[in-house]
Amino acid sequence: MSDRWKSTQGFGNYTEWNTTETVKMDTIDSLIDKYSLPKFCKIDVEGYEKNVLAGLHHKIPYISFEFTSIFFDDAEECLSLLSELGNTEYNVSFGESMQLNLNKWVTKEELIAYIRKNEGAWGDIYVHSK
């Protein structure tokens, strides 16, 4: 659903974006109201993360979302949205390692500095809300 993702990174030059689909969407808040608060939420929406998180008003104990260095400004906006929910700490997993890179949870600013030092990085950012 992200035009920026499709035009900049997408799934490589081999993808043609020449059809559309109608898809029913719900907000995370409406799913929480219906099913209760999850302990963990993985957001994997190919460049649409900040739109998903903009409507979140509940503190989920653990959230992960994907990031790329190309769209790191979007990831920073996601971090800001989540930090507004209060009392959060952060970690990162580069690539598809499924291993946290930092040996402790850090502040938003520390995480941003760490990721920026690893040019070309991509992976998952983990957010722990206390």
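At-a-glance table
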| item | result |
| --- | --- |
| Selection count where residues are surrounded by fewer than 16 Cβ atoms within 10 Å (Cβ to Cβ) and in contact (Cβ under 8 Å) with a residue 24 or more places away in the chain, scope the stretch 95-116 | 5 |
| Residues within the stretch 38-82 that are among the aliphatic types (A, V, I, L, M) and farther than 20 Å from W105 by Cβ, tallied | 4 |
| Filter result for E119 (in contact (Cβ under 8 Å) with a residue 24 or more places away in the chain, assigned to a loop (DSSP other than H, G, I, E, B), out of contact with any strand residue (DSSP E or B) (no Cβ under 6 Å at 6 or more places or on another chain) and surrounded by fewer than 17 Cβ atoms within 10 Å (Cβ to Cβ)) | yes |
| L82 of a type in the set (A, V, I, L, M) and either outside any helix (DSSP H, G or I) or under 15 Å from H128 (Cα atoms) (or both) | yes |
| Filter result for the condition that a residue is more than 21 Å from W122 (Cβ to Cβ) and among the β-branched types (V, I, T), over I60, I70, I43 | I60 |
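Yes or no, residue by residue, for (1) within 14 Å of the chain's Cα centre (by Cα); (2) not acidic (D, E):
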{"residue": "E66", "(1), (2)": "yes, no"}
{"residue": "F72", "(1), (2)": "yes, yes"}
{"residue": "L79", "(1), (2)": "yes, yes"}
{"residue": "L82", "(1), (2)": "yes, yes"}
{"residue": "Y90", "(1), (2)": "yes, yes"}
{"residue": "S93", "(1), (2)": "yes, yes"}
{"residue": "E96", "(1), (2)": "no, no"}
{"residue": "N101", "(1), (2)": "no, yes"}
{"residue": "K104", "(1), (2)": "no, yes"}
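A short reminder: the numbers here are calculations on the coordinates, not readings from a lab. All figures in this text were calculated on a predicted structure; none of them were measured in a lab. For neighbour counting, all protein chains shown are included, and Cβ atoms are generated from backbone atoms with ideal geometry for every residue, glycine included.
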